[in-house]
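**Student:** Just passing along the structure, written as structure tokens.
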Amino acid sequence: MKSLRSILLPMGASVLAIIIGGILVAALGYNPVTVYGSLISGAFGSGINIGNTITASLPLIIVGLGIAISFQSGLFNIGADGQYWIGATAAVWFGYHFNSLPGWLHMILCIVAGMIAGALWAGIIPGLTKAYVGSHEVITTMMMSYIGILLARYLIEGGPMQQKGFNPQSPEIAQNTQFPYFTQGLMQSQLSLVAVAIAIIAVIVVWFLLYKTTLGYQLRTVGLNQRAARYAGINVKLFTVVALCLSGMFAGLAGAVQMLGVDHRLLDGFSSNYGYTAIVVSLLARNNPIGVIIAGLFFGALTTGGQNMQMVSNVPAALTDVLTGLIIFFVACERIIPQVIGWYRRRRTLKSTSAA
Amino acid sequence: MIFSDPEIWAATLSMAVPLALPAIGGTFSERTGVVNIAMEGIMLIGAFFAVAFSYWTGSAWLGLLAALICGGLTAAALAWGAIRVSADQTVLGMGINIFAAGLTTFLLNTLFGFNGTPISTPKLPNISIPGLDNIPYIGVIFQNQSILVYIMIVLVIVSHWFLFHTRLGLRMRSVGEHPLAADTLGINVWRIRYFGVILSGLFSALGGAYLSIGVLNGFTANMTNGRGYIALAAMIFGKWTPLGSFGAALIFGFSTALGIVLQGQGISSNLLQMIPYALTILALAGLVGRAVAPAADGIPYDPRRS
């Protein structure tokens, strides 16, 4: 019953959001069927589109795993966007230095650098201040996220990572650190099987970590009940820092994978919003690593489908953000369901007693 | 020396408005015990509908009214989720922020096309207070500022007085500190919280409208550019008081104004823009003053359970 509800609720919330979005679209004079049709065909209509959808979903899945770890540990890491960009920045920096290394070693170095950078960005300041002075991690991770994005922007806008004589951007990472595409078809959708493999490994690692190791058990205990965890002898302070480090590590990994697999350099903009969408992914997946795959693909499809929708039926791609926002809101309001059921039952008993 | 130039102080004051207004709004919400991170989204809603209705009705004042109504309604949705449903307030706020960014961009593109809002949109007047603008130096700061700058100054003082020197203000604070005790004394916790959250929506929408029809007369996608989050920082740095929020907004506004001035001199504005966020972390860590949130901030109150 509980597991059934945990699947039905996110689906119900999504369906409700899609219906409201359809009404909005229809009110503005579009045909909702063609609009949603172009969205779906844009996401799944051809091999390249499916490849694009998977490519778009990989960073969401990997960041989402990190968010799931923090949620399961009772922490709200809202600043994954900054951790993602700090990880990306570190990976790119290592990517265009150390060119004498062999390709595979260089690649691993970039990925590890991204992971460590993301972990430290989340773990040091938000983690330590949460553990030792109780600063609320929602605020500190959010503030660190903005600082991280500003730092990355500084580095390529006049800072040491700017490529001279170009628009604000960093140099390209070395050819042998870029993930191979293997075939022409995969190249068109920028889908790298290496990135897919890393995402799958990450899902398995997080699942194993959370459900099959002592560390994961302790993290979840801290998340469920801090006081009980303390009485059980768990070092809550340590696990707070560890949880935020792990959470940031996956955000940083996603940044590194995106740089090595798709972008190949830092470009001005920094408005991916992966950190925020990944929170939705994790919420929809009930912080379950396997569910993160499905939710990540769903939002990846929404992204690529939205772009196609804008081209084909001239409906702005921002519609997908409207849907995302509504889904979050409805999922957050899940407690209304038992309340409504209770209210309905009370009313029925009231009616039957008044009739008698 | 740049600090002796009154222009930078005029710019500071102008930059502080869209931070101080939502920060004070957030103060009202969090003082009653509801975390509001949706200020960014509500500002966007306010900014967009201010422009849309200014253009449609031909009156910037009616546009401002529409902004307040739409902002209040958005805040009411947050209040309903946070108070009636006891949903996670951070998640709700994030949902509203994403929804608002999407909705305003979507409506901008569908209603006004991809070229932006019409340039004929009316804006709120800029005024100089007679007498004040004759004072040397200070006069320059207050010369030709948007009328909302003066409204903000009045609102700062009224808000502080309201929160700390009226009965309703005391009730709001008691609901945020210890809702059960307030309930026992016959205060309707839910109603006070609805009031606080909707008030925060009105202030945030006013801040958004300042950007779109106070400074400019148009709306661009995501034009608040994270100001709602800096306002959140200002609220914390100002220790959840209207005067403190205003002071923090001035400091943050100054760092923005300084960034613009120093940009020509080779100092990166990106680094200067970090100041508000860094100060907030320091304040939360207890290194710059001690920022302590209201005790029941973010905790839903269910009168039936207790």
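**Student:** Specify which of the listed residues (A:73, A:100) is in the same structural domain as residue A:271 (by TED's automatic domain parsing), surrounded by fewer than 24 Cβ atoms within 10 Å (Cβ to Cβ) and among the hydroxyl-bearing types (Ser, Thr, Tyr).
**Tutor:** Going through A:73, A:100 in turn, just one is in the same structural domain as residue A:271 (by TED's automatic domain parsing), surrounded by fewer than 24 Cβ atoms within 10 Å (Cβ to Cβ) and among the hydroxyl-bearing types (Ser, Thr, Tyr): A:100.
**Student:** Quick one: would you say residue B:189 is surrounded by 15 or more Cβ atoms within 10 Å (Cβ to Cβ) and more than 18 Å from residue B:22 (Cβ to Cβ)?
**Tutor:** Values: surrounded by 15 or more Cβ atoms within 10 Å (Cβ to Cβ): yes; more than 18 Å from residue B:22 (Cβ to Cβ): yes.
The answer is yes for residue B:189.
**Student:** Quick one: which helices (runs of 4 or more DSSP H) sit completely within the range B:207-284 and have at least 1 residues that are under 23 Å from residue A:270 (Cα atoms), free of Cβ contacts under 8 Å to residues at least 40 places away in the same chain and within 15 Å of the chain's Cα centre (by Cα)?
**Tutor:** none
**Student:** Further question on the same structure: Tell me whether the range B:178-185 contains one or more residues that are of a type in the set (A, V, I, L, M, F, W, C), crowded, with 16+ Cβ neighbours inside 10 Å and in contact (Cβ under 8 Å) with a residue 12 or more places away in the chain. Full working, then the answer.
**Tutor:** Of the residues in the range B:178-185, the ones of a type in the set (A, V, I, L, M, F, W, C) are B:180-182, B:185.
Subset that is crowded, with 16+ Cβ neighbours inside 10 Å: B:182.
Okay, now just the ones that are also in contact (Cβ under 8 Å) with a residue 12 or more places away in the chain, so none.
The answer is no; no qualifying residue exists.
**Student:** Based on what the data block shows, is residue B:57 surrounded by fewer than 24 Cβ atoms within 10 Å (Cβ to Cβ), hydroxyl-bearing (Ser, Thr, Tyr) and in contact with a helix residue (DSSP H, G or I) (Cβ under 8 Å, 6 or more places away or on another chain)?
**Tutor:** In short, yes.
**Student:** Out of all the residues in the range B:78-102, which are among the aromatic types (Phe, Trp, Tyr) and under 19 Å from the mean Cα position of the chain (by Cα)?
**Tutor:** Answer for the range B:78-102, where residues must be among the aromatic types (Phe, Trp, Tyr) and under 19 Å from the mean Cα position of the chain (by Cα): just B:99.
**Student:** Whether any residue in the range B:229-250 is surrounded by fewer than 21 Cβ atoms within 10 Å (Cβ to Cβ), within 22 Å of residue B:88 (Cα to Cα) and not basic (Lys, Arg) is what I want to check.
**Tutor:** No, every residue in the range B:229-250 fails to be surrounded by fewer than 21 Cβ atoms within 10 Å (Cβ to Cβ), within 22 Å of residue B:88 (Cα to Cα) and not basic (Lys, Arg).
**Student:** If residue B:86 passes every condition in (1) outside any helix (DSSP H, G or I); (2) buried (at least 24 other Cβ atoms within 10 Å of the Cβ) but one, which one does it miss?
**Tutor:** For residue B:86, the exception is condition (2).
**Student:** Sticking with this one: Need the failing condition index for residue A:79 against (1) farther than 29 Å from residue B:276 by Cβ; (2) within 12 Å of chain B (Cβ to nearest Cβ); (3) small (Gly, Ala, Ser), just the number.
**Tutor:** (1)
**Student:** Right, residue A:124: within 13 Å of chain B (Cβ to nearest Cβ), surrounded by fewer than 21 Cβ atoms within 10 Å (Cβ to Cβ) and closer than 30 Å to residue B:297 by Cα or not?
**Tutor:** For residue A:124, the condition - within 13 Å of chain B (Cβ to nearest Cβ), surrounded by fewer than 21 Cβ atoms within 10 Å (Cβ to Cβ) and closer than 30 Å to residue B:297 by Cα - is met.
**Student:** Could you look through the range A:83-97, keep only residues that are of a type outside the set (Phe, Trp, Tyr) and under 20 Å from residue A:243 (Cα atoms), and pick out the one that is surrounded by the fewest Cβ atoms within 10 Å (Cβ to Cβ)?
**Tutor:** A:86
**Student:** Test residue A:202 against the stated conditions and say whether it is in contact with a Gly (Cβ under 6 Å, 6 or more places away or on another chain) and closer than 22 Å to residue A:107 by Cβ. Spell out how you get there, then give the answer.
**Tutor:** On the way: in contact with a Gly (Cβ under 6 Å, 6 or more places away or on another chain): no; closer than 22 Å to residue A:107 by Cβ: yes.
When the stated conditions are applied, residue A:202 does not pass them.
Residue-by-condition table, conditions (1) in contact (Cβ under 8 Å) with a residue 40 or more places away in the chain; (2) not β-branched (Val, Ile, Thr):
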| position | (1), (2) |
| --- | --- |
| A:276 | yes, yes |
| A:292 | yes, no |
| A:334 | yes, yes |
| A:340 | no, no |
| A:350 | no, yes |
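**Student:** Consider only pairs whose beta carbons are under 7 Å apart and that are at least six residues apart or on different chains; among these, list those whose first residue lies in the range B:87-113 and is more than 7 Å from chain A (Cβ to nearest Cβ) and whose second residue is aromatic (Phe, Trp, Tyr) and buried (at least 23 other Cβ atoms within 10 Å of the Cβ).
**Tutor:** Matching pairs, first to second residue: B:104/B:48; B:107/B:48; B:108/B:48; B:108/B:219.
**Student:** For residue B:68, only one of the following conditions fails: (1) closer than 30 Å to residue A:35 by Cβ; (2) at pLDDT 90 or above; (3) surrounded by fewer than 24 Cβ atoms within 10 Å (Cβ to Cβ). What is its number?
**Tutor:** (1)
The values are calculated or read from the model by the stated rules, or taken from the named source; none is laboratory data. Not measured: the values here are computed from a predicted model. No Cβ is skipped: glycine too gets one built from the backbone with ideal geometry, and neighbour counts run over all protein chains shown.
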